[in-house]
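Peer 1: Just dropping this structure here.
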Amino acid sequence: MPYIGNTAANRFVAPEATTRLSGNGSATAFTLEHSVGSDEDILVSVDGVIQEPSVAYAVSNGTTLTFTAAPSNGTNNIFVCYLFRTVGTVSHPSNNALTATSGTFTGAFTSLGIDDNADATAITIDSSENVGIGETSSLGKLHVKSGDSGASSVSGNANELVVESADYTGITILGENEASIMFGDNEDPDVGRIVYFHGTNTMSFMTNANNAMHIDSTGAVTKPKQPAFSVHKDGTNVTNLSVGDHTLTWSAERFDQNDDFDLTNNRFVAPVTGKYFLQIHVRFMEIDVTATSYFLSLNTSNKDYNFIIDPRFGDADPSFYSIGFSVLADMDASDTVNIIFSQGGGDAQTDIDGRNNYTWFSGHLVC
């Protein structure tokens, strides 16, 4: 029957069982009469002394016997006995499929024609363990190329995974429940995460294992950790304020999304550098028309934002007057903001309405 692979070598041979060689005191390499597969396939003696395989000698290419030290000068003083002998070799035909459970390749590995295009290089693994799929010269540890994008010489800052295409380029992640991209280190493999929930068609962006941003199925975006606060008084009026400066105090929080408002010291503390929208509304009662000014200030570490009125509206004291204004303030991380009220002149009769729907202070990080 026909053979798969090379034609088998002649199996009925009567080879020489021994080879005798002559040393000259300087030569270390000698040619054998028959090819052998390993150092242990022959027994070698020099001047009647058996030599240790792979220590005293080695067979480098099947027919070359190389000694560690040159044998002494003598006629036929080197004796080689063939224990095993290579008769022939078998190579795999290039047009036949190869099936194996394991294997080792030396040098770069290139696979051609895995897809329908027999001229295309499907997979290349170079000596640096870089893998190219559809690309013979990988730009990263894994480089996937679709079509002729013409960008083979382009490399980005992050080149562990490079996805390249001549037209639309993308990565698809398929799943039935959750699909995620993780960011982590040896201590925490998923401290950062982008996750899509297929059941609700929502997406979350997580930082430091916290849900930093959430997009619902309608596209509405919420940021649960975005700095935002609203504080107010507890319903008790502040009565008969003295003439001069006062830091307004706050008794309760309607919300404090990132725990950045310091109720103890009646101030907001910026957690990060950015632009903050700040808004104040105060309802004053028993306005004194003999006062020269009523002054309200959003007092930040970088700048004060002021509102001032002349309360001399007429002969009678108004029963109430509200001051409200807002600003977009630049604040550095750890900067603070509190509210300052000051009355210039007049009598100590002005009150502040303590009801939370009349007197409040709020703000949030914009960008």
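The values are calculated or read from the model by the stated rules, or taken from the named source; none is laboratory data. If you're wondering where the values come from, they're calculated on a predicted model, not measured in any experiment. Cβ sites come from the backbone with ideal geometry, for glycine too, and all protein chains shown count toward neighbours.
Peer 1: Consider G37 against the criteria (1) under 15 Å from T66 (Cβ atoms); (2) assigned to a loop (DSSP other than H, G, I, E, B): it satisfies all of them except one. Which criterion is unmet?
Peer 2: Result: G37 passes all but (1).
Peer 1: Say whether the condition of being assigned to a loop (DSSP other than H, G, I, E, B), in contact with a Leu (Cβ under 8 Å, 6 or more places away or on another chain) and either in the same structural domain as I194 (by TED's automatic domain parsing) or not small (G, A, S) (or both) is met by at least one residue in the stretch 244-253.
Peer 2: yes
Peer 1: In the stretch 64-97, what count of residues is obtained for those that are closer than 12 Å to L32 by Cβ, at pLDDT 90 or above and within 56 Å of the chain's Cα centre (by Cα)?
Peer 2: 3
Peer 1: Next question. Can you find a residue that is in a loop (DSSP other than H, G, I, E, B), over 18 Å from S342 (Cα atoms) and not assigned by TED's automatic domain parsing to the domain that holds P189 anywhere in the stretch 275-288?
Peer 2: Here is the first cut: in the stretch 275-288, the residues in a loop (DSSP other than H, G, I, E, B) are 286-288.
Remaining after also requiring over 18 Å from S342 (Cα atoms): none.
Scanning the stretch 275-288, I find no residue that is in a loop (DSSP other than H, G, I, E, B), over 18 Å from S342 (Cα atoms) and not assigned by TED's automatic domain parsing to the domain that holds P189, so the answer is no.
Peer 1: Let me ask you something else. Which residue pairs have Cβ atoms closer than 7 Å, lie 6 or more positions apart in sequence or on different chains, and pair a first residue in the stretch 54-66 that is basic (K, R) with a second residue that is at pLDDT 95 or above and loosely packed, with under 14 Cβ neighbours inside 10 Å?
Peer 2: Nothing qualifies.
Peer 1: Could you tell me whether the stretch 313-333 includes any residue that is farther than 18 Å from V272 by Cβ, modelled with pLDDT under 95, charged (D, E, K, R) and in contact with a Gly (Cβ under 7 Å, 6 or more places away or on another chain)?
Peer 2: no
Peer 1: Under 6 Å between Cβ atoms, which residue pairs at least 6 apart in sequence (or on different chains) link something in the stretch 276-288 that is within 7 Å of G324 (Cα to Cα) with a partner that is surrounded by fewer than 19 Cβ atoms within 10 Å (Cβ to Cβ)?
Peer 2: Final answer for the pair search is H281/G324; V282/I323.
Peer 1: Still on this structure, please answer the following. Specify the residue that is nearest to N265 (Cα to Cα); the eligible residues are those in the stretch 327-366 that are among the hydroxyl-bearing types (S, T, Y) and part of a loop (DSSP other than H, G, I, E, B). Reasoning before the result, please.
Peer 2: Within the stretch 327-366, the subset among the hydroxyl-bearing types (S, T, Y) is 334, 336, 342, 350, 358-359, 362.
Now restrict to residues that are part of a loop (DSSP other than H, G, I, E, B): 334, 358-359.
Values: S334: 14, Y358: 21, T359: 18 Å.
Residue satisfying both the conditions and the ranking: S334.
Peer 1: Failed condition for S204, given (1) small (G, A, S); (2) within 14 Å of the chain's Cα centre (by Cα); (3) modelled with pLDDT of 95 or more, with all others met?
Peer 2: Checking S204 against (1) small (G, A, S); (2) within 14 Å of the chain's Cα centre (by Cα); (3) modelled with pLDDT of 95 or more, the one that fails is (2).
Peer 1: Right, here's the next one. Has the stretch 218-234 got at least one residue that is in contact with a Lys or Arg (Cβ under 6 Å, 6 or more places away or on another chain), closer than 19 Å to N357 by Cβ and in contact (Cβ under 8 Å) with a residue 24 or more places away in the chain? It would help to see each step written out before you state the result.
Peer 2: In the first step, residues of the stretch 218-234 are kept if they are in contact with a Lys or Arg (Cβ under 6 Å, 6 or more places away or on another chain); the result is 230.
With the extra rule that they be closer than 19 Å to N357 by Cβ, the set shrinks to 230.
Then keep just the ones that are in contact (Cβ under 8 Å) with a residue 24 or more places away in the chain; that gives 230.
Within the stretch 218-234, one or more residues are in contact with a Lys or Arg (Cβ under 6 Å, 6 or more places away or on another chain), closer than 19 Å to N357 by Cβ and in contact (Cβ under 8 Å) with a residue 24 or more places away in the chain.
Peer 1: Exactly one of (1) modelled with pLDDT of 70 or more; (2) surrounded by 13 or more Cβ atoms within 10 Å (Cβ to Cβ); (3) not assigned by TED's automatic domain parsing to the domain that holds A27 is unmet by T104. Its number?
Peer 2: Failed condition: (2).
Peer 1: Pull up the stretch 207-220, narrow it to residues that are modelled with pLDDT of 95 or more and outside any loop (DSSP other than H, G, I, E, B), then point me to the one that is farthest from the chain's Cα centre (by Cα). Outline the logic, then answer.
Peer 2: Let us first name the residues in the stretch 207-220 that are modelled with pLDDT of 95 or more, namely 213-220.
Going one step further and asking which of them are outside any loop (DSSP other than H, G, I, E, B), we end up with 213-215.
On the way: M213: 18, H214: 20, I215: 21 Å.
That would be I215.
Peer 1: Right, next: Can you work out which of the residues in the stretch 200-241 that are in contact with an Asp or Glu (Cβ under 6 Å, 6 or more places away or on another chain) and under 18 Å from G274 (Cβ atoms) is surrounded by the most Cβ atoms within 10 Å (Cβ to Cβ)?
Peer 2: P227
Peer 1: List every residue pair whose Cβ atoms lie under 6 Å apart, where the two residues are 6 or more positions apart in sequence or sit on different chains, the first residue falls within the stretch 160-184 and is closer than 19 Å to K141 by Cα, and the second residue, located anywhere, is among the hydroxyl-bearing types (S, T, Y).
Peer 2: V163/T169; E164/S149; S165/S146; S165/S149
Peer 1: I'd like to verify a number: residues in the stretch 309-358 that are charged (D, E, K, R), more than 22 Å from D234 (Cβ to Cβ) and surrounded by 13 or more Cβ atoms within 10 Å (Cβ to Cβ), how many? Give the derivation first.
Peer 2: Applying the first criterion (charged (D, E, K, R)) to the stretch 309-358 yields 310, 312, 315, 317, 330, 332, 335, 347, 351, 353, 355.
Imposing the further condition that a residue be more than 22 Å from D234 (Cβ to Cβ) reduces the set to 310, 312, 315, 317, 330, 332, 335, 347.
If we keep only those that are surrounded by 13 or more Cβ atoms within 10 Å (Cβ to Cβ) as well, we get 312, 317, 330, 335, 347.
Adding up the residues that qualify gives 5.
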